[in-house]
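Novice: Starting off with a structure, shown below.
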Amino acid sequence: MEVRGVDRYQPEKLAVLERNLEEQITGTAKYSLDVATAVFRLYQLQPSVARKELIARALLKALSQMPQQDYRILIHLLPERLVAEEPVSSVVLLAQHLEACNLQDFWAATGSCKDTISKVPGFQDAIRNYVLHSLSITFQRVSLRVLGDWLKLDSSALQQLLADKAKAGWKVQGEVVCLPLNAFNTAVQKRKADLISFEAVAPVVKSSVATA
Amino acid sequence: MAFRDYDPYERDYGIVPDIVKQFVVYLYRHIRERNIPEIESMYEVSFPKLSDRYFKQGPWPPVDAISDLVDQDHVFCLLYKELYFRHLYAKTQPSLRARCESWDNYCDLFGVILHGNVNMLLPNSWLWAMVDEFLYQFQSFAQYRTKLAGKSAEEVELLKKCDKVWNILDVLNVLQALIDKSGIVAELSRDGGAELAAHDGYIPGQSNVLRMLGYFSLVGQLRVHCLIGDYSTGLQSLFPLNLFERGKLYTQLLSGCHITLFYYSSFAYVMLQRYTDAGRCLNAILSYIHRVKQLHARNAAYDQILKKNEQMYALLALVVGLCPAVQSTLDEHVLVALKDKFGEKLQRMFRGDEGLFDEAFMYGCPKFITAAPPAYDNPSAAGPQEAYLRQRSLFLRQVGGVSRLPLLKQYLLLYSSISLPKLAGLLETDEATLRTALACLKKSNYCLQWDGGRDMTSGSFTSTADIDFYIDVDTATGAELVMLSDNITTRHQAELLSRHIVKFEAIVRDLEAPPVAVAAPAQAAY
């Protein structure tokens, strides 16, 4: 659902937008950041009609889009009073751990908002995908133990996941997992040679021709 | 809701000076005759001069005092009141009544433009000032009503009744209506603003009022969205204007508009953590101000331009502090000015001094507002600073995530490869924390950058690191190693050298030129 132009500013449409947002969260409608932004904007205007548990769920859904900045975009819209209480505050804490790459604390904190997470299907898988992504920009090879810690998976589930990812370039060699190579985790000897453009030397050429 | 009965003070205004009467009559006549150069000169020169001479402390004559001179022309009276209120806001603290009346006036004026068939011509600078002032008064009202502490009980009662006045939804809807009715989006998508630029904004045979108001409302929407913290919608609402394809931007001719546009866009990019894009925008606008500063030296807007210049240097310091790689993309004179203003502070920012980030943010940020009206019955609930404090805390959290990394960076710079346990020992942490910190460092350099997409929020991820590394496991020993890339930059000083060469040759030429005494009689003979 696209929310453009004058639709952005119609408080009468709040119910429609909320319904669409709920459908996005459960996966029956296509994900669109515009709808969540419109809903949060209207909540800022009238904090009394804000539904905190919907906010919490929408924030989780946005968080699962990482590394896209959707969560960041939404959190700026919410005033202090809407994020200070449960269930939104534990989601905010969760997000802080994730943004700081503090995965131990992150997985520990998911315990405190189990209910909200259970209402957002696919959240844990999406987060695991994101963790794999951030690993692939930092590591070329990583030990199985570290991988298991960061993904909070026991060894059999981990092996299953890696088997699924084998086609994408993830290979297991004993205790070490090789990650697919990309532009970010390879050492490139970057020689940045600033080319001298003609415009830079044109004035010199011009003046030397004039005085010649 | 409006307060239509005027103050008794205003009814006995007294004598309107003759020269002011003349000004009004001539302005009316020129507007009727669509004589743009004359209107422009009266608006930009005579109006400020008269304001300075006769109305330094107080307002202009109320519209009733001069309406007879202009045959009670409805539209002219609305325009006159717009100038009247603008002057009132600039010189005095407007009362609640004045604020409500000004709101009604803007509603009437925009109503006439949207629904009536207006075919007058007005200077584009006036139209921009109309939108700018409209939003400034909106911001001012939003801040006024949150300051409940100093108000008497009856003032608070009156405020409660004025909930329809300067309502954010109405403001946004007005801007949206102007954009839709003027068809500016379709026009700009079609030719990228070529026709507009070719005719300097005044397309012959048509009224420029609705079209230009639509154009300026695009910038207006960006501003309102940034003030409530909705950065991505702000950037999206600018479509089809694109700051990275600057050649086609009409706003370059109106410095106020151009500066506003770039200021709010760069701020939005900073809050969205897109530092390279913010750096590009700031670089462009600071070069622009550097070029056109002198042209406005005697203008009333000069102070405003200088203030925005300083604010944008503060924002640039933030961007550079969070993403040092941006420095290499800046123009030389911008970089030099930045180092002048913030040289030592930048060094401390690189080392993670959060207080300086806070200071720069406080100076450079716009005056945020909360969309919702305050809780009138509970004055201590949230103060006027609520919106600012909220955005500030989010920003400082962003900074906090990065400010602990400089020590790590310093160590990494010393090695081309180092084992994880050894690095952990140097930093006096354990390996798990170190791994987290390294991943965090890598993540902080992984930014979205605009790459030619449809609107300004699109982009792809690139690395903006000044030190590149990855972590590998040595298959032989099973130890983890941090491997750093070598960044070799061969910098050429071509531009700098050629500039100095030309300057030097000019100086030498001046020194060698014969004294100019013979030229004077030759001039006189003409």
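The values are calculated or read from the model by the stated rules, or taken from the named source; none is laboratory data. Quantities reported herein were computed from a predicted structural model and do not represent experimental measurements. We place every Cβ from the backbone using ideal geometry, glycine too, and count neighbours over all the protein chains shown. The area values use the complete protein model at the heavy-atom level, side chains included, leaving out ligands, DNA and RNA. Shrake-Rupley method; radii C 1.70, N 1.55, O 1.52, S 1.80 Å.
Novice: Identify all residues within the range A:44-66 that are in contact with a Lys or Arg (Cβ under 8 Å, 6 or more places away or on another chain) and either aliphatic (A, V, I, L, M) or within 14 Å of chain B (Cβ to nearest Cβ) (or both); write none if there are none.
Specialist: Of everything in the range A:44-66, just one residue is in contact with a Lys or Arg (Cβ under 8 Å, 6 or more places away or on another chain) and either aliphatic (A, V, I, L, M) or within 14 Å of chain B (Cβ to nearest Cβ) (or both), namely A:Pro47.
Novice: Ok, one more. From the residues in the range B:420-455 that are within 21 Å of A:Asp149 (Cβ to Cβ), among the hydrophobic types (A, V, I, L, M, F, W, C) and in contact (Cβ under 8 Å) with a residue 40 or more places away in the chain, which one is farthest from the other protein chains (Cβ to nearest Cβ)?
Specialist: Ranking the candidates gives B:Leu423 first.
Novice: Return the pair list, or none, for Cβ contacts closer than 7 Å from residues in the range A:37-65 that are closer than 19 Å to A:Ala95 by Cβ to residues that are surrounded by fewer than 24 Cβ atoms within 10 Å (Cβ to Cβ) and basic (Lys, Arg), at least 6 apart or on different chains.
Specialist: Taking only residues 6 or more apart or on different chains, the pairs are A:Arg57/A:Lys119.
Novice: Among the numbered criteria (1) surrounded by 17 or more Cβ atoms within 10 Å (Cβ to Cβ); (2) within 27 Å of the chain's Cα centre (by Cα), which single criterion is violated by B:Cys107?
Specialist: (1)
Novice: Any residue at all in the range B:161-172 that is away from chain A (no Cβ under 12 Å), in a helix (DSSP H, G or I), open to solvent by 20 Å² or more (accessible area, probe 1.4 Å) and over 25 Å from A:Glu12 (Cα atoms)? Talk me through it step by step, then tell me what you get.
Specialist: Our first condition is that a residue be away from chain A (no Cβ under 12 Å); within the range B:161-172, this holds for B:161-162, B:164-166.
This time we only want the ones that are in a helix (DSSP H, G or I), so: B:161.
Adding the requirement that they be open to solvent by 20 Å² or more (accessible area, probe 1.4 Å) leaves B:161.
The next check asks that each one be over 25 Å from A:Glu12 (Cα atoms); those that pass are none.
No; the residues of the range B:161-172 include none that is away from chain A (no Cβ under 12 Å), in a helix (DSSP H, G or I), open to solvent by 20 Å² or more (accessible area, probe 1.4 Å) and over 25 Å from A:Glu12 (Cα atoms).
Novice: Within the range A:2-34, can you find the residues that are open to solvent by 30 Å² or more (accessible area, probe 1.4 Å) and among the aliphatic types (A, V, I, L, M)?
Specialist: A:Val6, A:Ala15, A:Val16, A:Leu33
Novice: Hey, does the range A:35-53 have a residue that's within 20 Å of the chain's Cα centre (by Cα), surrounded by fewer than 19 Cβ atoms within 10 Å (Cβ to Cβ) and in a helix (DSSP H, G or I)?
Specialist: Going through the range A:35-53, the residues within 20 Å of the chain's Cα centre (by Cα) turn out to be A:35-40.
Imposing the further condition that a residue be surrounded by fewer than 19 Cβ atoms within 10 Å (Cβ to Cβ) reduces the set to none.
No, the range A:35-53 contains no residue that is within 20 Å of the chain's Cα centre (by Cα), surrounded by fewer than 19 Cβ atoms within 10 Å (Cβ to Cβ) and in a helix (DSSP H, G or I).
Novice: Provide a single number: the residues in the range A:182-212 that are at pLDDT 70 or above and of a type outside the set (Phe, Trp, Tyr).
Specialist: So the answer is 14.
Novice: Working only within the range B:320-343, note down all residues that are touching a Lys or Arg at 6+ places or on another chain (Cβ under 8 Å) and among the basic types (Lys, Arg).
Specialist: none
Novice: Please note which helices (runs of 4 or more DSSP H) are completely contained in the range B:179-227 and include at least 2 residues that are at pLDDT 90 or above.
Specialist: Details: elements: B:184-191, B:194-198, B:209-227.
Correct list: B:209-227.
Novice: Going by the conditions given, is A:Leu179 at pLDDT 85 or above, under 21 Å from B:Glu480 (Cα atoms) and either surrounded by 18 or more Cβ atoms within 10 Å (Cβ to Cβ) or within 9 Å of chain B (Cβ to nearest Cβ) (or both)?
Specialist: Details: at pLDDT 85 or above: no; under 21 Å from B:Glu480 (Cα atoms): yes; either surrounded by 18 or more Cβ atoms within 10 Å (Cβ to Cβ) or within 9 Å of chain B (Cβ to nearest Cβ) (or both): yes.
Here the answer is no, as A:Leu179 does not meet what is asked.
Novice: Tell me, which residue of the range B:207-248 that is of a type in the set (Gly, Ala, Ser) and without any contact (Cβ under 8 Å) to a residue 60 or more places away in the chain is farthest from B:Ile179 (Cα to Cα)?
Specialist: Pass one, the range B:207-248, residues of a type in the set (Gly, Ala, Ser): B:207, B:214, B:217, B:220, B:229, B:232, B:234, B:237, B:247.
Narrowing the set further to residues that are without any contact (Cβ under 8 Å) to a residue 60 or more places away in the chain leaves B:214, B:234, B:237, B:247.
Numbers: B:Gly214: 4, B:Gly234: 14, B:Ser237: 10, B:Gly247: 22 Å.
Ranking the candidates gives B:Gly247 first.
Novice: For the subset of the range B:272-304 comprising residues that are in contact with a Gly (Cβ under 8 Å, 6 or more places away or on another chain) and open to solvent by less than 50 Å² (accessible area, probe 1.4 Å), which member is farthest from B:Asp230 (Cα to Cα)? Write out each step before concluding.
Specialist: First pass over the range B:272-304, keeping only residues in contact with a Gly (Cβ under 8 Å, 6 or more places away or on another chain): B:274, B:277, B:301, B:304.
Imposing the further condition that a residue be open to solvent by less than 50 Å² (accessible area, probe 1.4 Å) reduces the set to B:274, B:277, B:301.
Working: B:Arg274: 15, B:Asp277: 18, B:Ala301: 28 Å.
Selected residue: B:Ala301.
Novice: Give the residues of the range A:120-131 that are surrounded by 19 or more Cβ atoms within 10 Å (Cβ to Cβ) and within 14 Å of another protein chain (Cβ to nearest Cβ), sorted by residue number. Give the steps one after another, and end with the answer.
Specialist: Step one: of the range A:120-131, the residues surrounded by 19 or more Cβ atoms within 10 Å (Cβ to Cβ) are A:120, A:123, A:127, A:131.
If the condition is that a residue be surrounded by 19 or more Cβ atoms within 10 Å (Cβ to Cβ) and within 14 Å of another protein chain (Cβ to nearest Cβ), then A:Val131 is the only one that fits.
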